[in-house]
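The values are calculated or read from the model by the stated rules, or taken from the named source; none is laboratory data. Everything numeric in this text was worked out from a predicted model, so none of it was measured. Here the Cβ is made from the backbone with ideal geometry for all residues, glycine too, and neighbour counts use every protein chain on show. For the accessible areas, the whole protein counts, side chains as well, though only heavy atoms, and no ligand, DNA or RNA atoms are used. Shrake-Rupley method; radii C 1.70, N 1.55, O 1.52, S 1.80 Å.
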Amino acid sequence: MGVLDSIFRRRRVEPEVQGHRGFYSLHDGFDDDAWEARWDDLDSAVARKEKERLRPWQRDYWRDRRKRWWAVRIVAGLIGLFIMLVGWLAITAPLSKSLEPIAPPQITLLAADGTPIARNGAITDEPVDVSQLPPHVVEAFLAIEDRRFYDHWGVDPRGIARAAFTGTGGGSTITQQLAKFTFLTPERTLTRKAREAMIAFWLEAWLTKDEILERYLSNAYFGDNVYGLRAASLHYFYRQPENLRPNQAAMLAGLLQAPSAYAPTKHYDRAAKRMGLVVQSMVAAGYITEGEARAMRPPALDVRMKSDLPTGTYFADWALPEARKLSETGYSRQTLTTTLDSRLQNIARRVTSRAPLGGAQVALVAMRPNGEVVAMIGGKDYEKSPFNRATQAKRQPGSTFKLFVYLAALRDGWEPGDRIDNTEITQGSYRPKNSRGRYSESLTLEDAFAQSSNVAAVRLLGEVGSDKVIETARDFGITAPLTEGDPSMALGTSTMTLLELTAAYAGVAANAYPVEPRAFAAPEQSWFEWLVDGPSTLPSRVHEDMQRLLRAAINRGTGSAAMLSVANFGKTGTTQDNRDALFVGYAGDLVVGVWIGNDDNSPLNGISGGGLPARIWRDFMTQALGSGAGGDRPGPRASEDPGGPVEPLDVPNLDDIPLGDGNSRLRIRDGEAVFSTEIDGVPVDIRLGEEGVAISEEAIEEARRRAEEQRNEAVRRELDRQGQLEPAN
């Protein structure tokens, strides 16, 4: 306390002591001020020693140092904020993301026979290595995009000022552009610009300049759906970027400002003019001389059209999301073989395009009992409406839903010969009617299912219990909302897709459920996987009884229009006011569902499930099974892209149809059908138009002449072999 008192006490004014005659005054000989100074020095030394024992995080350390205390607080806060910012960037903008392509690479889908059916995605290729590129390639991009790239720290105020005053070069550095198209959205706000600059500093801190430039050149967009310098170099000039000429590199560098506007395949004049600006920038940067610039001419394009075949089909649109999951990540393009059977797809297109639909739409799904989809029609014309009515439209299934009502009853112990009341329902709030007012005292379950009795189905739902019907539907893969206690459920009032409904019937066909529709063959399960996670099966009696009901519905019931010469199983479905008409069934190794309806859900004109849908189903099955559908099917493997044209399997009016032997085609030109083939190597065109059939007489005569020469040559060889040919003089 003495030390503290010595620091904080007030100096007292001592009264002057008067000397007295005859006495010796001690005050006159004792220096009080000197002693006080010594005590003060001692107290200060003690205080310093005490402070030396304190640490900066202790409050007393900062006594009498208030300004420095606040300065340290601010610096510590900035350091903490920086650490948090680095952590946030590491989570939200990982460096690895700058190594990934910014657009999904191109995927080519093949039918099971190898026919290309669709290509989708960006044209990309392997990243570039800056050290392997010629100097003129790198210099062209630096001159027009970021002349001071190797001198700044991610943001270049001088470059921004130069761009503002001269109009050449970009306001954003190459690092900022990499940050923008790799990590950020294209919005134009101050917040995004601030984040762009912040990420640019971060990239500069963690990557070398060459690494930043490589990632930028490997991901930049060059127009024509092409991403990355290697893909662009191959696309526009059909050469690797390591072999680019100076004028080619200058043209590619000029595309980056507005790739779609400058793409030379569509706007060559613009691209050439922009290239001139790049060349002048290279002169200004000292990369080339004025003489070299004057000698540089716009390059010729060498565009190979092999990859420029994007298309879409109902099946491809449905399969592509799964294809993205199966394909490898990276820049390389992928080619995958699907389960689609091009022969069956063409049959499906033919039978649906010939059907008298009027203004209605049609959908068809054909799959194997294991769920592999082999044909899909999502509407009358993909080009006019890509909306897939087989996979996207949720409509009422009508009486096809009765499958689950009767199957639940069979699982509950009912048999096909058991009888159910078929009289008109006159009580209760829900009073469904039978088609054409046909009623009887009772029916067997088999007859009720075959005749598609509505009142019998509703009563059977009540007898079995809606909970058991819902359980059965769920077991077979139905995900539609189903309400317990709702009697209308028996008549298919819940909405679902045709694909989902067809897959449920496939579960009955295979007696293995649930069935998952797939565009790529599933890998075979090991015995252990099958044991642990294998499909469920129905008891043999229940399965046989259900097939008996489905067979009766075709052979002597509402689906008689779908009858085949082989064993067939199916069910018709018609919703209220004929808004939807369906037929779903199976035969051989195919399960097929057909739907007809209007997109606006308006009633159909006299079309029911047992009419046009059943006939389309029969026509498809007759052609499909008649040629022995089936055989080995490829799995979801990567394949070599054959490079041929994409077959537009969903377009009903084809202009050029390849025929079976590979040398014949059927072309439609101005209302005239032209069948082109070869006879003994001679091309022959047979034309069918308004004036009848026309054949080129010259071609026929040439073919006849060649055939005669071949016959004479064959006779001569035979005579020569027998030794009867006279030697020539």
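Some observations on this one:
- Computing FRET efficiency as 1/(1 + (r/R0)^6) for Arg245 and Ala567, where r is the C-beta to C-beta distance and R0 is 56 Å, gives about 0.25.
- Cross-link pairs beyond the 24 Å C-alpha cut-off, checked among Lys180/Lys266; Lys380/Lys433; Lys394/Lys571: Lys180/Lys266; Lys380/Lys433
- Accessible surface of segment 225-297 [probe 1.4 Å, protein heavy atoms]: carbon and sulfur percent: 48
- Residue order by solvent-accessible surface for Lys394, Lys325, Lys433 is Lys325, Lys394, Lys433, largest first, with ligands and nucleic acids left out and a 1.4 Å probe.
- For the peptides 566-578, 464-476, 216-228, the ranking by mean Cβ contacts within 10 Å, running from highest to lowest, is 216-228, 566-578, 464-476.
- Calculated FRET value between Asp486 and Ser540, using beta carbons and R₀ = 30 Å, to 0.05: 0.40
- Placing R0 at 25 angstrom, the Cβ-Cβ distance between Asp40 and Val75 gives a FRET efficiency of 0.15 after rounding to 0.05.
- The length gained by stretching the chain between Arg419 and Lys266 to full extension, at 0.36 nm per residue less their Cα-Cα distance, is 47.8 nm.
- Surface share of carbon and sulfur [accessible, 1.4 angstrom probe, percent] for segment 341-406: 46
- Radius of gyration and maximum dimension Dmax of segment 385-459, Cα, Å: 15.1, 49
- If the chain linking Ser435 and Asn598 were pulled fully straight, counting 0.36 nm for each residue of separation and taking away their Cα-Cα distance, it would gain 56.5 nm.
- Computed on protein heavy atoms with a 1.4 Å probe, the accessible areas place Val508, Val283 in the order Val283, Val508, largest first.
- Estimated D of segment 462-583 in µm² per second, where Rh is the Kirkwood radius over Cα pairs and Stokes-Einstein applies at 25 °C, 0.890 mPa s: 150
- Rounded, prolate or oblate (a/c below 1.5 giving rounded, otherwise prolate when a/b exceeds b/c) for segment 355-484 by Cα gyration tensor: prolate
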